[in-house]
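Visitor: Please find one structure pasted underneath; my questions will follow.
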Amino acid sequence: MSLQPSHKGLDQVGLRAQKIFTARGLSAARLFGAVGLISQLLLFGLPVAEAQTAQAGHRRSAVGLVLGMSVADVSNTNPRQLSGLQGSTLISESISLGGYYLLPGSVHGEGHRRFDYSLHGIQLAYHMRNDTGDTSLALRTGMTKIRTEVEGSSQVIFSPYHTGLSLGYDHYLWSWLTVGFEGSVVRFANSQTTLGESEYREGQFTLINFMLALKLRF
């Protein structure tokens, strides 16, 4: 009996080894190919994100809808909804000039006197932008229309000036669309009006507003 291996057995072992190394070689090639593809996607994604952020930075104007709640430090009044429009445009890299138009909505609570107010004014804001959004601090001033009740259930309209500060943040959903929120404190001056032969006065008071905002940028 011969102890030397047959050529046929050696050929079978060689074929099996070749198949194993070939399969491993294909698996390695696929693995390295996948890693390379992921790397390319990541490297490609960074410039895309940077380009989108840069594109958002080039959009210098915004207009949007705002909706929220407002509370006045006036006796016998309840919190109420406010909603309206805001718009602004950059006049430098970090300063914008804009305006707002806010109207009263429904009142929350019972047992109150009528105290409806609308705010119309301009604002000057300082912006701190980053890759994800825009933080702003704004100074506001404008006119107010207050419709309220006086003695005998008569209604009068006051027109005081107001000034205030707001702090807000807008998050980029896309370079052209943001969703955000803001809080503001508004101070109203003394005002007076007449009805018939009677004169009525409304003293100073303060509003605190909390608003949500959806804005288009262009």
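Visitor: If you go through the range 69-97 one residue at a time, how many are part of a loop (DSSP other than H, G, I, E, B), of a type outside the set (S, T, N, Q) and surrounded by fewer than 18 Cβ atoms within 10 Å (Cβ to Cβ)? Show your work before the answer.
Guide: To start, the set of residues in the range 69-97 that are part of a loop (DSSP other than H, G, I, E, B) comprises 73-79, 91-94.
Keeping just the survivors that are of a type outside the set (S, T, N, Q) gives 73-74, 79, 91, 93.
With surrounded by fewer than 18 Cβ atoms within 10 Å (Cβ to Cβ) added as a condition, the list becomes 73, 79, 91, 93.
Residues that pass the stated criteria total 4.
Visitor: Can you tell which of Tyr100, Tyr126 is loosely packed, with under 15 Cβ neighbours inside 10 Å, out of contact with any Phe, Trp or Tyr (no Cβ under 7 Å at 6 or more places or on another chain) and closer than 17 Å to Gly168 by Cβ? If you could, list the steps in order and put the result at the bottom.
Guide: On the way: Tyr100 fails: loosely packed, with under 15 Cβ neighbours inside 10 Å.
On inspection, the qualifying residue turns out to be Tyr126.
Visitor: I'd like the residue in the range 162-176 that is of a type outside the set (S, T, N, Q) and surrounded by 16 or more Cβ atoms within 10 Å (Cβ to Cβ) and, out of all such residues, is nearest to Leu137 (Cα to Cα). If you could, list the steps in order and put the result at the bottom.
Guide: Narrowing the range 162-176 to residues of a type outside the set (S, T, N, Q): 162, 164-165, 167-174, 176.
Adding the requirement that they be surrounded by 16 or more Cβ atoms within 10 Å (Cβ to Cβ) leaves 162, 164, 168-170, 172.
On the way: His162: 17, Gly164: 11, Gly168: 7, Tyr169: 9, Asp170: 12, Tyr172: 18 Å.
Here the residue is Gly168.
Visitor: Can I ask one more? Among the candidates Leu119, Leu85, Leu103, which residue alone is under 16 Å from Phe205 (Cβ atoms) and in contact with a Leu (Cβ under 8 Å, 6 or more places away or on another chain)? Spell out the reasoning first.
Guide: Values: Leu85 fails: under 16 Å from Phe205 (Cβ atoms); Leu103 fails: under 16 Å from Phe205 (Cβ atoms).
Checking each option against the conditions leaves just Leu119.
Visitor: Here's another thing I want to ask about it. Among the residues of the range 176-183, are any part of a strand (DSSP E or B), touching a helix residue (DSSP H, G or I) at 6+ places or on another chain (Cβ under 9 Å), modelled with pLDDT of 95 or more and within 27 Å of Phe218 (Cα to Cα)? Break it down stepwise before answering.
Guide: Start the filter on the range 176-183 by keeping residues that are part of a strand (DSSP E or B), which leaves 177-183.
Retained after the next criterion (residues that are touching a helix residue (DSSP H, G or I) at 6+ places or on another chain (Cβ under 9 Å)): 178.
Applying the additional criterion that residues be modelled with pLDDT of 95 or more yields 178.
With within 27 Å of Phe218 (Cα to Cα) added as a condition, the list becomes 178.
Yes.
Here is a yes/no grid of residues against (1) modelled with pLDDT under 50; (2) closer than 28 Å to Arg217 by Cα:
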| residue | (1), (2) |
| --- | --- |
| Pro47 | yes, yes |
| Glu50 | yes, yes |
| Ala54 | no, yes |
| Gly57 | no, yes |
| Val66 | no, yes |
| Met69 | no, yes |
| Asn76 | no, no |
| Arg80 | no, no |
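The values are calculated or read from the model by the stated rules, or taken from the named source; none is laboratory data. Every value quoted in this text rests on a predicted model; they were computed, and no experiment measured them. Methodologically, a virtual Cβ is constructed for each residue, glycine included, from the backbone with ideal geometry; neighbour enumeration extends over all protein chains shown.
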